[in-house]
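Enquirer: Sharing a structure here in structure tokens format.
The values are calculated or read from the model by the stated rules, or taken from the named source; none is laboratory data. Because the structure is a prediction, the values reported are computed rather than measured. Please note: Cβ atoms are built from the backbone with ideal geometry, for glycine as well, and neighbour counts cover all protein chains shown.
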Amino acid sequence: MVTSPIVPEMRVAPSILSADFGALSDAIDLVAPGSDWLHVDVMDGHFVPNLTVGPPVVASLRDHTDLFFDTHLMISEPARYLEAFRDAGADGCTVHVEVGETKALIAQMRDLGLRVGLAANPDTPFEAVEPYLDQVDLILCMTVFPGFGGQSFIADVIPKVRQVRQAADEAGLTIDVEVDGGIDERTVVEAARSGANVFVAGSAVFGRAHPLDAATEILRAAVDAVTGPPS
Ligand code: DX5
Ligand code: ZN
């Protein structure tokens, strides 16, 4: 049987990692008109060599906006904190396949009513996430090694993005395929053509003079990459 793939909605998810942490609500207001997801990077100083925010900050931001919180947990023990992030207002949580216990973490996220994401580092093969494709809502293919904003896009990840989308299509699964790291209006083109539909961008949004325009431009470049620019 030939299944016709349902292409999920294209989205840009500005990452607050590159925003002014002293004025996060202002940063959100800047991009909200052009984005419906906000990417929240959580780092524990263990899974990655950096520390960022936890549930209290998510709760404060939740009081401020209705944007979908795409919460990227770069932490070694997500099981300990998933409930707190849910209670704080996270809509979706993404855990890394490298931390292990993936089956249990997926079940825990489902029980909590979270949208379920699974992330893979650039050097983690497709085969590591393949067994979970029918159990998740989103696969995040890291296009940099996690831990810091402002790194260069790793194009070697593109074949994995293609593998994830192709496997999902073949199985008739409508999942989001997200890319994160070094995404801008140029790198997004190849990512979109390979099947990604959610584009995280930190420095290419909040590092620009006009974050809303930058986010809009990234999304437009992604849509044009798969549909062609309007004639
Ligand atoms: C990196 C984070 C990314 C980061 C991306 O570990 O997961 O979400 O904010 O930043 P840019 O877009 O600057 O590469
Ligand atoms: Zn991230």
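Enquirer: Residues Ser4, Ser76, Ser25, Ser60: which one is among the hydroxyl-bearing types (Ser, Thr, Tyr) and modelled with pLDDT under 95?
Expert: From the options Ser4, Ser76, Ser25, Ser60, the qualifying one is Ser4.
Enquirer: OK, next. Return the only residue of Ala204, Ala167 being away from ligand 1 (no atom under 16 Å from the Cβ), touching an Asp or Glu at 6+ places or on another chain (Cβ under 8 Å) and in a helix (DSSP H, G or I).
Expert: Ala167
Enquirer: Restrict the check to the stretch 33-55 and report whether at least one residue is on the phi < 0 side of the Ramachandran plot, away from ligand 2 (no atom under 16 Å from the Cβ) and among the aliphatic types (A, V, I, L, M).
Expert: Checked against the condition, which is being on the phi < 0 side of the Ramachandran plot, away from ligand 2 (no atom under 16 Å from the Cβ) and among the aliphatic types (A, V, I, L, M), the stretch 33-55 yields no hits at all.
Enquirer: State which residue pairs qualify: first residue surrounded by fewer than 20 Cβ atoms within 10 Å (Cβ to Cβ) and inside the stretch 134-145, second residue assigned to a strand (DSSP E or B) and not aromatic (Phe, Trp, Tyr) in any location, beta carbons under 9 Å apart, and separation of 6 or more residues or different chains.
Expert: Gln135/Val116; Gln135/Leu118; Asp137/Gly92; Asp137/Arg115; Asp137/Val116; Asp137/Gly117; Asp137/Asp176
Enquirer: Assess whether Leu24 counts as being on the phi < 0 side of the Ramachandran plot and within 16 Å of the chain's Cα centre (by Cα).
Expert: Judged against the criteria, Leu24 is not a match.
Enquirer: Condition first: of a type in the set (Phe, Trp, Tyr) and either more than 20 Å from Val12 (Cβ to Cβ) or surrounded by fewer than 22 Cβ atoms within 10 Å (Cβ to Cβ) (or both). Now tell me which residues in the stretch 38-87 satisfy that.
Expert: Phe47, Phe68, Tyr81, Phe85, listed by residue number.
Enquirer: With the requirement that a residue be away from ligand 1 (no atom under 16 Å from the Cβ) and touching a residue at least 12 places away in the same chain (Cβ under 8 Å), what does the stretch 64-80 give you?
Expert: Listed by number, the residues that qualify are His64, Thr65, Glu77, Ala79.
Enquirer: Any residue that is of a type in the set (Val, Ile, Thr), within 21 Å of Thr71 (Cβ to Cβ) and within 16 Å of ligand 1 (Cβ to nearest atom) - is there at least one of those in the stretch 182-190?
Expert: yes
Enquirer: Asp176 - would you say it is within 27 Å of Ala32 (Cβ to Cβ), among the charged types (D, E, K, R) and in contact with a Pro (Cβ under 6 Å, 6 or more places away or on another chain)?
Expert: Considered against the rule, which asks whether it is within 27 Å of Ala32 (Cβ to Cβ), among the charged types (D, E, K, R) and in contact with a Pro (Cβ under 6 Å, 6 or more places away or on another chain), Asp176 comes out as yes.
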